[in-house]
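K.L.:
First the structure, which I've put down as structure tokens, then a few questions once you've had a look.
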Amino acid sequence: QMLYVIFSLLGTYVDVEVRTPSGRVDMVMRTATTLYVVELKLNRTAEAAMEQINLKNYPERFALCGLPVVKVGINFDM
């Protein structure tokens with residue numbers, strides 16, 4: 001929730017739990033020039049998050065948006 005609030009206050013379009021044909025993206029952020037596909041993990045690794053993005057091919061869902069898609073994997077360590 002905090003990431004949603006922070007990025008929304010910065011003027012970024014944010015959507016959470018976005019459905020794709022192969023799963024759900026944790027968060028999608030859109031600026032005027034770029035679309036970010038964000039996968040969040042808890043007590044794992046950022047590499048595990050990136051692996052999920054690649055394995056489930058999340059960026060394909062946004063291919064027609066006309067913006068470059070950047071994949072972001074984030075790990076939160078308790």
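The values are calculated or read from the model by the stated rules, or taken from the named source; none is laboratory data. Bear in mind that the values here come from a model prediction, so they are computed numbers and not experimental data. Note: ideal-geometry Cβ built from the backbone for every residue, glycine included; neighbour counts use all protein chains shown.
K.L.:
Considering only segment 37-53, I want to know if a residue exists there that is among the charged types (D, E, K, R) and touching a residue at least 40 places away in the same chain (Cβ under 8 Å).
P.N.:
So the first thing to find is which residues in segment 37-53 are among the charged types (D, E, K, R), and the list is 39, 41, 44, 47, 51.
Next, from what is left, pick out any that are touching a residue at least 40 places away in the same chain (Cβ under 8 Å): none.
No, because not a single residue in segment 37-53 is among the charged types (D, E, K, R) and touching a residue at least 40 places away in the same chain (Cβ under 8 Å).
K.L.:
Please go through segment 14-72 and give me each residue that is at pLDDT below 90 and either polar (S, T, N, Q) or closer than 19 Å to Gln1 by Cα (or both), ordered by number.
P.N.:
Residues satisfying the conditions are Thr20, Ser22.
K.L.:
Name the strands (runs of 3 or more DSSP E) wholly within segment 3-78 that hold at least 3 residues that are surrounded by 11 or more Cβ atoms within 10 Å (Cβ to Cβ) and among the charged types (D, E, K, R)? Please lay out each step first, then the result.
P.N.:
Values: elements: 13-20, 23-30, 35-42, 69-76.
Result: 23-30.
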